[in-house]
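The values are calculated or read from the model by the stated rules, or taken from the named source; none is laboratory data. Note that the structure is a prediction, hence the values are computed from the model and not measured. Every residue, glycine among them, receives a Cβ derived from its backbone with ideal geometry; neighbour counts consider all protein chains shown. Areas reflect the complete protein model, heavy atoms only, side chains present, ligands, DNA and RNA absent. Shrake-Rupley method; radii C 1.70, N 1.55, O 1.52, S 1.80 Å.
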Amino acid sequence: MGWQLIYILPIAILTNDFFLSNFWIRTFASKTDKDLWIGISVATVVVLFVLTLVGSTGLIAAWSGAFNPSDPDQDGSIAFFYLLEQLPAWTVGIVLVMVVSLSTAAFDSLQSAMVSTASNDLFRNKLNIWFIRGAVVLIIFPVVVLALKAPSILQIYLISDLISASTIPVLVIGLSDRFYWWRGFEVVVGGLGGIFTVFLFGTIYYGNALKGAQLILLEGGLYANDWSVFGAFVAAPIGGMLWGLGALVARLLYKFIVAKVKGHRFEDLDRPAYLDNQVEGAGQYAASDEIHEDSNAGLVIVDHKGKFF
């Protein structure tokens, strides 16, 4: 299981982070790419030390005798708390303050991201910000109830991780200018296809369609005594990419046939105009109709119109 987690956890966490708006708003808030790299580097070093220390607590608990892996009455997932029981009160106090600070910081970032996303993406900045903030506060209540009622909060995370593992690989392709021919159609088909591939894998692995469907929800949890979870996190990204490539071929073939039937030129593989026009003073490309200058702010806004199909 340990060797499986070396693959599962990086894939799950990395792809899921793409959906966390609190990371994106910090990225967009960086003044330059250099500032962004400096911030990421500093944060990486700090997080590395923190996670190494936190991740070592289970080893320390077992080494100190606070946790006995062979004791069926002790749960390895809470080895850290067994260790805390053996430490002096002032140490527990420091840990408590750090945990509360960490939780508050993460929760605050998520709230800010929800407000920002709702205001800009959903309502296009046309709704009063205080109404949106009030709605975010109201959303907190059902979220807390759901967290309390859920059989395992880890299972909720794993479901979202599996969805992101299916979707993100086909999505990031479109972020590169080299793959300008990639469309939203491929992303949607690839994401759904990745989930369907997990079902197919589970059905074949278990020999049962119901268990294959249950594997999508990871009802057996992360620590299964087989290769089902590992296979699901392999099937999701690989299946998503294969379905995305299949969707690309199908879309191009359809557009090619339509162009031939109607006597039009097949243009879906043509390089976009904005990739051949460097915006002066900026590391971006834009066609003439995509450049909007703000004389007061001294900014050049580039708005690329993406295509779904």
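Quick notes on this one:
- Of 144, 172, 198, 189, all but one fail to be of a type in the set (Val, Ile, Thr) and open to solvent by 60 Å² or more (accessible area, probe 1.4 Å); the exception is 144.
- The number of residues in the stretch 19-40 being open to solvent by less than 70 Å² (accessible area, probe 1.4 Å) and under 25 Å from residue 104 (Cβ atoms) comes to 8.
- Test: residue in the stretch 264-282 that is under 26 Å from residue 167 (Cα atoms), over 22 Å from the mean Cα position of the chain (by Cα) and either free of Cβ contacts under 8 Å to residues at least 24 places away in the same chain or in a helix (DSSP H, G or I) (or both): yes
- Selected residue [open to solvent by 90 Å² or more (accessible area, probe 1.4 Å) and polar (S, T, N, Q)] from 125, 120: 125
- Residue match in the stretch 176-187 (condition: within 14 Å of residue 239 (Cα to Cα) and touching a Gly at 6+ places or on another chain (Cβ under 9 Å)): yes
- The residue list 30, 112, 41, 103 contains one member that is modelled with pLDDT under 85, hydroxyl-bearing (Ser, Thr, Tyr) and assigned to a helix (DSSP H, G or I), which is 103.
- Selection count, the stretch 67-96, where residues are part of a helix (DSSP H, G or I) and not aromatic (Phe, Trp, Tyr): 14
- Among all residues of the stretch 157-168, there is at least one that is surrounded by fewer than 22 Cβ atoms within 10 Å (Cβ to Cβ) and farther than 22 Å from residue 2 by Cα.
- Taking first residues from the stretch 156-170 that are farther than 15 Å from residue 193 by Cβ and touching a residue at least 24 places away in the same chain (Cβ under 8 Å) and partners that are β-branched (Val, Ile, Thr) and assigned to a helix (DSSP H, G or I), the Cβ contacts under 9 Å between residues at least 6 apart in sequence or on separate chains come to 158/229; 159/216; 161/8; 161/11; 161/13; 161/15.
- Only listed residue being under 25 Å from residue 154 (Cα atoms) and open to solvent by less than 60 Å² (accessible area, probe 1.4 Å), chosen from 54, 97, 92: 92
- Boolean, residue 22 is farther than 30 Å from residue 226 by Cα and among the polar types (S, T, N, Q): yes
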